[in-house]
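The values are calculated or read from the model by the stated rules, or taken from the named source; none is laboratory data. None of the values given here were measured: they were computed from a predicted structure. Using ideal geometry, Cβ is built from the backbone for each residue, glycine included, and neighbour counts are taken over all protein chains shown.
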Amino acid sequence: MTVPAGPAGPVHRPHVLILGGTTEARRLAADLADRLPALRVTTSLAGRVAAPRLPAGEVRIGGFGGPDGLAHWLREHAVDALIDATHPFAGTISFNAAQAAATAHVPLLALRRPGWVPGPDDDWHPVASLAEAAAALPALGHRVFLTTGRMGLATFAHLTDLWFLVRSVDAPEPPFPPRMDVLLDRGPFTLEGERDLLRRHRIDVLVTKDSGAAATAPKLTAAREAGVPVVVVQRPPVPPGVPVAATPEEAVTWLRSTGIHSSASA
């Protein structure tokens with residue numbers, strides 16, 4: 001993209017595309033607007049949430065049409081750097097990003113918050129998938145607090161003998177478990193609120209993905225205090241060869257290291 005010509009002619013504004021939808025993505029967009037204002041920053045949202053929290057800078061909503069579509073978008077919009085700040089469980093877009101970045105010859109960084117680590121008093125049961133979580137539940141409890149979001153509820157639909165409390169931002173669509181109450185809510189959540197949920201609904205097993213978010217971590221503390229076992233779905237790996245930043249600050253440092261920002265002129 002070019003801006004109106006100045007005395008020295010057109011000036012290119014280095015363009016950064018953030019694949020967003022997370023708290024870290026919004027923080028990164030705000031940091032870049034504040035610390036590297038000469039950059040053009042676009043955040044892409046998948047559009048799965050009805051009323052998403054919008055970040056600073058430009059925003060696009062919707063998919064790209066796979067890795068080829070993303071590579072085309074990177075070229076068409078003259079993207080100089082790509083930062084994958086999607087949810088740790090958005091595995092498909094992360095691998096699409098790696099393939100597209102390689103095709104378009106655009107540097108790529110994955111921004112991933114650190115995962116949760118169990119303490120000595122935690123009763124965690126790690127599993128590799130939602131299907132493994134569903135298989136583990138009957139032996140662990142009968143009243144399930146399911147905090148994996150509305151996507152994937154079909155995996156638990158066959159568990160007709162269990163009762164589920166499902167928490168999600170938007171209302172789920174069938175298929176889903178027949179014995180289920182839905183709690184529409186968005187974090188951050190408080191420890192006292194999580195304690196009350198477990199107590200009021202007589203929860204005896206919790207299911208969560210290892211999202212690593214501080215905003216949703218109080219449920220783990222509440223489960224530990226109540227002696228409730230936790231089925232933890234492990235996150236998929238970052239695509240091979242993609243560098244990883246743990247915080248938006250580290251992502252800004254990486255972006256500075258590419259030298260992209262230095263080509264921008266006032």
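Values computed for the structure shown
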read-out: Unique match (being touching a helix residue (DSSP H, G or I) at 6+ places or on another chain (Cβ under 8 Å) and hydrophobic (A, V, I, L, M, F, W, C)) among Ala246, Ala215; value: Ala215
read-out: Of all residues making up segment 216-254, the number that are surrounded by fewer than 15 Cβ atoms within 10 Å (Cβ to Cβ) and in a loop (DSSP other than H, G, I, E, B); value: 6
read-out: Hits in segment 28-60 (condition: surrounded by fewer than 19 Cβ atoms within 10 Å (Cβ to Cβ), among the basic types (Lys, Arg) and modelled with pLDDT of 90 or more); value: Arg35, Arg60
read-out: Within segment 175-189, considering residues that are assigned to a loop (DSSP other than H, G, I, E, B) and out of contact with any helix residue (DSSP H, G or I) (no Cβ under 6 Å at 6 or more places or on another chain), the one farthest from Leu162 (Cα to Cα); value: Arg186
read-out: Where Ala100 falls short, out of the listed (1) farther than 20 Å from Leu206 by Cβ; (2) among the small types (Gly, Ala, Ser); (3) surrounded by fewer than 22 Cβ atoms within 10 Å (Cβ to Cβ); value: (3)
read-out: Selection from segment 12-44 of residues that are among the β-branched types (Val, Ile, Thr) and over 18 Å from the mean Cα position of the chain (by Cα); value: Val16, Val41
read-out: Enumeration of residues in segment 147-193 that are of a type in the set (D, E, K, R), out of contact with any Phe, Trp or Tyr (no Cβ under 9 Å at 6 or more places or on another chain) and either at pLDDT 95 or above or buried (at least 19 other Cβ atoms within 10 Å of the Cβ) (or both); value: Asp161, Glu192
read-out: Residue among Pro126, Pro138 that is more than 19 Å from the chain's Cα centre (by Cα) and surrounded by fewer than 14 Cβ atoms within 10 Å (Cβ to Cβ); value: Pro138
read-out: Per-region count, segment 202-215, residues in contact with a strand residue (DSSP E or B) (Cβ under 7 Å, 6 or more places away or on another chain) and not in a loop (DSSP other than H, G, I, E, B); value: 5
read-out: Strands (runs of 3 or more DSSP E) wholly inside segment 58-133 containing at least 2 residues that are touching a residue at least 60 places away in the same chain (Cβ under 8 Å); value: 81-84, 108-111, 124-127
